[in-house]
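Let me begin by presenting the structure, written as structure tokens, before commenting on it.
The values are calculated or read from the model by the stated rules, or taken from the named source; none is laboratory data. Note that the structure is a prediction, hence the values are computed from the model and not measured. FYI the Cβ positions are ideal-geometry reconstructions off the backbone, even for glycines, and counts take in every protein chain you see.
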2 protein chains.
Amino acid sequence: MEILITNDDGIYAEGIYALATALKKLGNITVVAPDAQRSAVGHAITIVDPLRVNKARRNGRFFGYAASGTPADCVKLAIKTLMKKKPDLVVSGINLGANIGYNILYSGTVSGATEGALLGIPSLAISLDTFTKPDFSAAAAFSVKIAASMKKRRLPAGTLLNVNVPAIKASKIKGVRVTSQSRTSFNDWFDKRKDPHGQTYYWMDGDFKPKDSDAASDLNAVKAGYISVTPIQFDLTDYKFITTLDTWKL
Amino acid sequence: MEILITNDDGIYAEGIYALATALKKLGNITVVAPDAQRSAVGHAITIVDPLRVNKARRNGRFFGYAASGTPADCVKLAIKTLMKKKPDLVVSGINLGANIGYNILYSGTVSGATEGALLGIPSLAISLDTFTKPDFSAAAAFSVKIAASMKKRRLPAGTLLNVNVPAIKASKIKGVRVTSQSRTSFNDWFDKRKDPHGQTYYWMDGDFKPKDSDAASDLNAVKAGYISVTPIQFDLTDYKFITTLDTWKL
């Protein structure tokens, strides 16, 4: 099994190392990831600038390819240029922080897997629900389990799996739930500040304290101590609204 | 009517000027747009860097606010900080180049309208299907018509309208079709090159020559000479696949 690994926290992040180490059990690993953090880049790709690729070492060994672009760039580059054969699986993560609700639109982690799915390859995004003192072991172990399942079964064309793991001890995790994307998102605002030269600048800040009454949502599964697995796809058409929009007589 | 206008081609682009000029007929215009081109940024937001905002003039007059961020940043900044009252409508465009099929995932134009929709405001993205010698007049005129319709009627929460206008004379446009997002995307590849110092770099290139058998798609409407209006929404859950995924017994 050929596995392509990427992330948005950068190739030197702890999460991608835990992921690559775990997935080695299943086959041949290729890591192509951003050379530094690219959080909240959404599904950005780099077209007006060139991309650089350098070999990256970790713990004294070759670990993978560090690219100057976004997670979507990394997956495109890997599949179209760097890898000799197409991967059987694309895995993006393990992200520091959950990717839940509408926040997945901003997520570089999900975007890496999205690019894989759009290129016709079974793809998985995996995130851990904490920003501090991460223990990636439960998420890494689950990535092996779900990747093995994906090898045996088939996802619909263009659909990927978005996995979120609660940040609790593996022994406390209650199980796995197949979920839907909750209709929640970050609440954000801007700090207005002055720089040392007296010029105004703005800095985005935010928090994520959502509530969601839908028991089947990604948010509530993780809150309740379950691993959440949401199948997501990218036909954004609001089919339910089409008939009404037809009556507008545009 | 308070109208917020943004784009991804930058505040000095021709398309946003045509749009702002046309929409003035309907109410009070605020332009907040990137200070330079931000194409293919997807739904990126800027969180690790500060944002700068400067007043921009066009044709000798104040035109709007030029921000150092992405279209999504611009809409967030406008609504949360720069505008005194919330807009009644967010319009993003007029983009140079269609935003059709899976390409809308990469689109900064659509992303500006997405941010509006997620913030609860009726939102519209509008694009012209050409990269060369654009005549924005038909698209600008249609933006007024559809904005007036949106004022009278109601979109579902979280749904926006994605409009694509064929690059033909206004008199040749056959009408308006409510469409679905086609399952097509750019075909892309990388040029591998050497810089003046002998170092390798990669540059993304691509073309968009898709075929789509679905007569109701955005692609085929525009090809046939119609203005395409697709309602899009951001619950990405693949509901059809949930039951099958449950049988995986993860």
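Of the residues examined, A:V222 is one that is more than 8 Å from every other protein chain (Cβ to nearest Cβ), over 30 Å from B:I146 (Cα atoms), of a type outside the set (S, T, Y) and touching a residue at least 24 places away in the same chain (Cβ under 8 Å).
In the set (1) more than 27 Å from A:A138 (Cβ to Cβ); (2) within 12 Å of chain B (Cβ to nearest Cβ); (3) in contact (Cβ under 8 Å) with a residue 24 or more places away in the chain; (4) of a type in the set (A, V, I, L, M, F, W, C), A:M83 fails one condition alone, (2). Residue count for the stretch B:119-152 under the criterion of being assigned to a strand (DSSP E or B) and either of a type in the set (S, T, Y) or within 12 Å of chain A (Cβ to nearest Cβ) (or both): the result is 4.
For A:F241, the conditions (1) farther than 23 Å from A:A138 by Cβ; (2) part of a loop (DSSP other than H, G, I, E, B) all hold with the exception of (2).
From the list B:F186, B:F190, which one is surrounded by 14 or more Cβ atoms within 10 Å (Cβ to Cβ), of a type in the set (F, W, Y) and touching a residue at least 40 places away in the same chain (Cβ under 8 Å)? Steps first, please.
Numbers: B:F190 fails: touching a residue at least 40 places away in the same chain (Cβ under 8 Å).
Unique residue meeting the criteria: B:F186.
Give A:D195, A:D212 a once-over and let me know the one that is more than 17 Å from A:I104 (Cβ to Cβ) and over 18 Å from the mean Cα position of the chain (by Cα). Talk me through it step by step, then tell me what you get.
Details: A:D212 fails: more than 17 Å from A:I104 (Cβ to Cβ).
After ruling out the rest, the residue left standing is A:D195.
Name the single residue, out of those in the stretch A:104-118 being touching a strand residue (DSSP E or B) at 6+ places or on another chain (Cβ under 6 Å) and of a type in the set (V, I, T), that is farthest from the other protein chains (Cβ to nearest Cβ). The qualifying residue farthest from the other protein chains (Cβ to nearest Cβ) is A:T109.
What number of residues in the stretch B:14-44 are hydrophobic (A, V, I, L, M, F, W, C) and within 14 Å of another protein chain (Cβ to nearest Cβ)? Break it down stepwise before answering.
Within the stretch B:14-44, the first condition is being hydrophobic (A, V, I, L, M, F, W, C), and the residues that meet it are B:16, B:18-20, B:22-23, B:26, B:29, B:31-33, B:36, B:40-41, B:44.
Subset that is within 14 Å of another protein chain (Cβ to nearest Cβ): B:32, B:36, B:40-41, B:44.
Adding up the residues that qualify gives 5.
Within the stretch A:196-216, restricting attention to residues that are among the acidic types (D, E) and either assigned to a strand (DSSP E or B) or facing chain B (nearest Cβ under 8 Å) (or both), which residue is surrounded by the most Cβ atoms within 10 Å (Cβ to Cβ)? Per the stated criteria, the residue is A:D205.
When you scan the stretch A:191-201, do you find a residue that is among the acidic types (D, E) and out of contact with any strand residue (DSSP E or B) (no Cβ under 6 Å at 6 or more places or on another chain), even just one? Steps first, please.
Going residue by residue through the stretch A:191-201, those that are among the acidic types (D, E) are A:191, A:195.
Next cut, out of contact with any strand residue (DSSP E or B) (no Cβ under 6 Å at 6 or more places or on another chain) only: none.
So far as the stretch A:191-201 goes, no, none of its residues is among the acidic types (D, E) and out of contact with any strand residue (DSSP E or B) (no Cβ under 6 Å at 6 or more places or on another chain).
For the condition at pLDDT 95 or above and out of contact with any strand residue (DSSP E or B) (no Cβ under 6 Å at 6 or more places or on another chain), A:S149 qualifies. Tell me, please, whether a residue that is at pLDDT below 95, in contact with a strand residue (DSSP E or B) (Cβ under 6 Å, 6 or more places away or on another chain) and closer than 28 Å to A:A72 by Cβ can be found in the stretch B:218-241. Scanning the stretch B:218-241, I find no residue that is at pLDDT below 95, in contact with a strand residue (DSSP E or B) (Cβ under 6 Å, 6 or more places away or on another chain) and closer than 28 Å to A:A72 by Cβ, so the answer is no.
Quick grid of which residues meet (1) more than 17 Å from the chain's Cα centre (by Cα); (2) farther than 21 Å from B:S137 by Cβ:
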{"position": "B:Y17", "(1), (2)": "no, no"}
{"position": "B:D35", "(1), (2)": "no, yes"}
{"position": "B:V48", "(1), (2)": "yes, yes"}
{"position": "B:V53", "(1), (2)": "yes, yes"}
{"position": "B:A56", "(1), (2)": "yes, yes"}
{"position": "B:A72", "(1), (2)": "no, yes"}
{"position": "B:I94", "(1), (2)": "no, no"}
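Note on the stretch B:1-113: enclosed strands (runs of 3 or more DSSP E) holding 2 or more residues that are surrounded by 24 or more Cβ atoms within 10 Å (Cβ to Cβ) are B:2-6, B:28-34, B:61-67, B:89-96.
Consider the stretch B:127-160. How many of its residues are more than 18 Å from B:E14 (Cα to Cα) and out of contact with any helix residue (DSSP H, G or I) (no Cβ under 7 Å at 6 or more places or on another chain)? Walk me through how you get there before you give the answer.
Initially, the stretch B:127-160 is screened for residues more than 18 Å from B:E14 (Cα to Cα), giving B:145-160.
Next, from what is left, pick out any that are out of contact with any helix residue (DSSP H, G or I) (no Cβ under 7 Å at 6 or more places or on another chain): B:145-146, B:149-155, B:157.
Residues that pass the stated criteria total 10.
For the stretch B:153-178, a residue qualifies if it is at the interface with chain A (Cβ under 9 Å from one of its Cβ atoms) and part of a helix (DSSP H, G or I), but none of them does.
Specify the residue that is nearest to the chain's Cα centre (by Cα); the eligible residues are those in the stretch A:105-158 that are farther than 21 Å from A:V176 by Cβ and of a type in the set (S, T, N, Q). Walk me through how you get there before you give the answer.
At the first step, the residues of the stretch A:105-158 found to be farther than 21 Å from A:V176 by Cβ are A:105-106, A:108, A:111-112, A:114-116, A:118-121, A:131-133, A:157-158.
Remaining after also requiring of a type in the set (S, T, N, Q): A:111, A:114, A:132.
Working: A:S111: 6, A:T114: 8, A:T132: 18 Å.
Residue satisfying both the conditions and the ranking: A:S111.
Of the residues that sit in the stretch B:217-237 and are part of a strand (DSSP E or B) and within 29 Å of A:L105 (Cα to Cα), which one is farthest from the chain's Cα centre (by Cα)? The residue in question is B:T237. Give the residue that is farthest from the other protein chains (Cβ to nearest Cβ), with candidates limited to residues of the stretch B:49-80 that are farther than 26 Å from B:G206 by Cβ and of a type in the set (G, A, S). Among those that are farther than 26 Å from B:G206 by Cβ and of a type in the set (G, A, S), it is B:G60.
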